[in-house]
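Chemist: Structure below; questions to follow.
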Amino acid sequence: MDHKYNIGSVHPLAISVSANLKDIRKIPVRLKIATGNYILQTHKASFSKNHTSSTCKLCSKADETVEHFILLCEKLDEARIPIISKILNNGSLILAKVTTSFPVDLIQLIINPFCYVDIYVNRTAFEETSNILEPLCRLLLYNLHNKRYALLANIDNLGSRKSNF
């Protein structure tokens with residue numbers, strides 16, 4: 001969570017632009033992902049000393065890392081595709097106003113778009129990030145989270161039905 005902020009102030013990822021309860025409910029998922037506390041199969045495998053597979057339970061094609069979860073798992077495409085193009089378009093427009101000497105990492109942009117803008121250097125870009133880009137990123141992560149858990153619940157239900165026979 002690379003961001004210049006003052007001690008005692010709230011990180012922008014934990015702030016909702018609106019007082020809408022739906023937006024506020026999305027904050028914990030976002031913070032878990034940003035702080036590395038969102039449990040994916042790779043985490044489960046490392047905690048279980050590799051007695052649990054790190055392979056994604058949804059697609060079974062790769063290890064379920066943050067990158068796989070956010071960008072690559074084809075089972076989550078339905079939740080990802082409509083929003084990711086908006087993030088890319090808006091992110092490009094906002095970041096074009098900020099002079100950066102380093103490349104933009106899409107995963108980092110989605111997890112914490114504030115790492116590319118500084119309120120003290122370019123207030124307009126910071127406000128656009130807060131009002132436009134960050135809510136889109138939060139929505140994407142929340143939708144991916146919900147889709148993932150719905151699919152995992154279906155997999156668990158199918159597995160328990162098979163074991164009952």
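The values are calculated or read from the model by the stated rules, or taken from the named source; none is laboratory data. On a predicted model such as this, the values are computed, not experimentally measured, just so you know. For neighbour counting, all protein chains shown are included, and Cβ atoms are generated from backbone atoms with ideal geometry for every residue, glycine included.
Chemist: So residue 108 passes all but one of these: (1) within 16 Å of the chain's Cα centre (by Cα); (2) in contact (Cβ under 8 Å) with a residue 40 or more places away in the chain. Which condition number does it fail?
Modeler: Of the numbered conditions (1) within 16 Å of the chain's Cα centre (by Cα); (2) in contact (Cβ under 8 Å) with a residue 40 or more places away in the chain, the odd one out for residue 108 is (2).
Chemist: Next question, about the same structure. Name, by its number, the condition in (1) surrounded by 18 or more Cβ atoms within 10 Å (Cβ to Cβ); (2) modelled with pLDDT under 90 that does not hold for residue 33.
Modeler: Only one criterion in (1) surrounded by 18 or more Cβ atoms within 10 Å (Cβ to Cβ); (2) modelled with pLDDT under 90 is unmet by residue 33, namely (2).
Chemist: Further question: Given the criteria at pLDDT 90 or above, exposed (fewer than 13 other Cβ atoms within 10 Å of the Cβ) and farther than 26 Å from residue 63 by Cβ, does residue 99 qualify?
Modeler: Numbers: at pLDDT 90 or above: no; exposed (fewer than 13 other Cβ atoms within 10 Å of the Cβ): yes; farther than 26 Å from residue 63 by Cβ: yes.
Against the criterion (at pLDDT 90 or above, exposed (fewer than 13 other Cβ atoms within 10 Å of the Cβ) and farther than 26 Å from residue 63 by Cβ), residue 99 does not qualify.
Chemist: Quick one: is residue 46 of a type outside the set (Phe, Trp, Tyr) and either surrounded by 16 or more Cβ atoms within 10 Å (Cβ to Cβ) or part of a loop (DSSP other than H, G, I, E, B) (or both)? It would help to see each step written out before you state the result.
Modeler: Details: of a type outside the set (Phe, Trp, Tyr): yes; either surrounded by 16 or more Cβ atoms within 10 Å (Cβ to Cβ) or part of a loop (DSSP other than H, G, I, E, B) (or both): no.
Spelling it out, it is not the case that residue 46 is of a type outside the set (Phe, Trp, Tyr) and either surrounded by 16 or more Cβ atoms within 10 Å (Cβ to Cβ) or part of a loop (DSSP other than H, G, I, E, B) (or both).
Chemist: Ok, one more. Return the residue satisfying two criteria in turn: it lies in segment 59-83 and is of a type outside the set (D, E, K, R) and surrounded by 20 or more Cβ atoms within 10 Å (Cβ to Cβ), and of such residues it is farthest from residue 41 (Cα to Cα).
Modeler: From segment 59-83, those of a type outside the set (D, E, K, R) are 59-60, 62, 65-66, 68-73, 76, 79, 81-83; that's our starting set.
Filter again for surrounded by 20 or more Cβ atoms within 10 Å (Cβ to Cβ), leaving 68-70, 73, 76, 79.
On the way: 68: 11, 69: 10, 70: 14, 73: 13, 76: 15, 79: 19 Å.
Step by step, filter segment 59-83, then rank; the result is 79.
Chemist: So which of 162, 75 ends up being modelled with pLDDT under 90 and part of a helix (DSSP H, G or I)?
Modeler: Details: 75 fails: modelled with pLDDT under 90.
After applying the criteria, what remains is 162.
Chemist: Only residues that are more than 30 Å from residue 54 (Cα to Cα), out of contact with any Lys or Arg (no Cβ under 9 Å at 6 or more places or on another chain), of a type outside the set (A, V, I, L, M) and surrounded by fewer than 20 Cβ atoms within 10 Å (Cβ to Cβ): list them for segment 102-121, please.
Modeler: 102
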